Amino acid sequence: MRRIIFFAVIIFILNPNLQGYVWSQPKGDTQTKETPKDRTIRGKVLDDNLEPIIDVIIKINDSIKVGKTGVDGTFEITTSIPINQLYFESIGWEDAKISLSNDCNNIELIMQSMYTYCFLSLDKINKRRKKEFKKLKKIHKQAYQQGLFLSPEPCYIREFIEEKWDNTPR
């Protein structure tokens, strides 16, 4: 157990992404006032079984890390950078890329499980993934009916990201 804690602390200290995120937060009881240009986006991320997903990394424009989800799958982002797209990624889950409108400040997202497909062509893999992707709106509505989400329809546009064989970024 001590080894696990030791390695977790070492990884945390050596990872530059985590350092920048943690050390850039306000310290103590300093109050940060939002300027009129700041935008606050709140939300919740669930899996396709309506369970919260922990530590989903949230990025703006595919590159700037702005936060991650907590234990209950919720997050809150306040930034002065204009936000047109958010990118959600986590180990074991399909990446999600969403386009936001200016009045979309409550993100309720369902993430798909990531599967390994052996001995299938790329076309068949993308066809199966797209079939699962189309079920997400129905799952979103179920989450609303169970009181997990506040709205029956998402306020964003979500893009399907096709798998590619080469190593180019999606």
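Among the residues of the stretch 131-160, how many are farther than 21 Å from SER99 by Cβ, assigned to a loop (DSSP other than H, G, I, E, B) and in contact (Cβ under 8 Å) with a residue 12 or more places away in the chain?
2
Counting only residues that are within 16 Å of CYS104 (Cα to Cα) and open to solvent by 100 Å² or more (accessible area, probe 1.4 Å), which one in the stretch 31-47 is modelled with the lowest pLDDT?
First pass over the stretch 31-47, keeping only residues within 16 Å of CYS104 (Cα to Cα): 37-45.
Okay, now just the ones that are also open to solvent by 100 Å² or more (accessible area, probe 1.4 Å), so 37, 42.
Details: LYS37: 77, ARG42: 95.
The residue in question is LYS37.
Checking the condition farther than 19 Å from ASP103 by Cα and touching a residue at least 60 places away in the same chain (Cβ under 8 Å), which residue from ASP47, ASP72 passes?
ASP47
For the stretch 41-72, give me the residue count where each residue is closer than 27 Å to GLN142 by Cβ and assigned to a strand (DSSP E or B).
Going through the stretch 41-72 one residue at a time, the tally reaches 12.
Among the numbered conditions (1) open to solvent by less than 70 Å² (accessible area, probe 1.4 Å); (2) in a strand (DSSP E or B), tell me where GLU76 comes up short.
It is condition (1) that GLU76 fails.
Being exposed (fewer than 14 other Cβ atoms within 10 Å of the Cβ) and either among the hydrophobic types (A, V, I, L, M, F, W, C) or under 17 Å from the mean Cα position of the chain (by Cα) (or both) is the filter here, so list the residues in the stretch 141-156 that pass it.
Residue satisfying the conditions is LEU150 alone.
Given (1) modelled with pLDDT of 90 or more; (2) under 24 Å from LYS141 (Cα atoms), where does THR78 come up short, assuming only one miss?
Only one criterion in (1) modelled with pLDDT of 90 or more; (2) under 24 Å from LYS141 (Cα atoms) is unmet by THR78, namely (2).
Can you tell which of ASN126, ASN84, ASN102 is over 16 Å from ILE157 (Cα atoms) and not hydrophobic (A, V, I, L, M, F, W, C)?
ASN126
Go through (1) over 18 Å from the mean Cα position of the chain (by Cα); (2) farther than 21 Å from ILE58 by Cβ and name the single condition GLU162 misses.
Answer for GLU162: the failing condition is (1).
Given the conditions (1) modelled with pLDDT of 90 or more; (2) over 16 Å from ARG42 (Cβ atoms), report the number of the one that PHE149 does not fulfil.
Tallying (1) modelled with pLDDT of 90 or more; (2) over 16 Å from ARG42 (Cβ atoms), PHE149 fails exactly one: (2).
Could you pull out the residue among ILE58, ILE91, ILE4 that is at pLDDT 60 or above, buried (at least 17 other Cβ atoms within 10 Å of the Cβ) and out of contact with any helix residue (DSSP H, G or I) (no Cβ under 8 Å at 6 or more places or on another chain)? Show your work before the answer.
Numbers: ILE91 fails: buried (at least 17 other Cβ atoms within 10 Å of the Cβ); ILE4 fails: buried (at least 17 other Cβ atoms within 10 Å of the Cβ).
Result: ILE58 is the single residue among ILE58, ILE91, ILE4 that is at pLDDT 60 or above, buried (at least 17 other Cβ atoms within 10 Å of the Cβ) and out of contact with any helix residue (DSSP H, G or I) (no Cβ under 8 Å at 6 or more places or on another chain).
The values are calculated or read from the model by the stated rules, or taken from the named source; none is laboratory data. Remember, it's a predicted structure, so these values are computed and weren't measured experimentally. Heads up, the Cβs are rebuilt from the backbone with ideal geometry, glycines too, and the neighbour counts pull from every protein chain shown. For the accessible areas, the whole protein counts, side chains as well, though only heavy atoms, and no ligand, DNA or RNA atoms are used. Shrake-Rupley method; radii C 1.70, N 1.55, O 1.52, S 1.80 Å.
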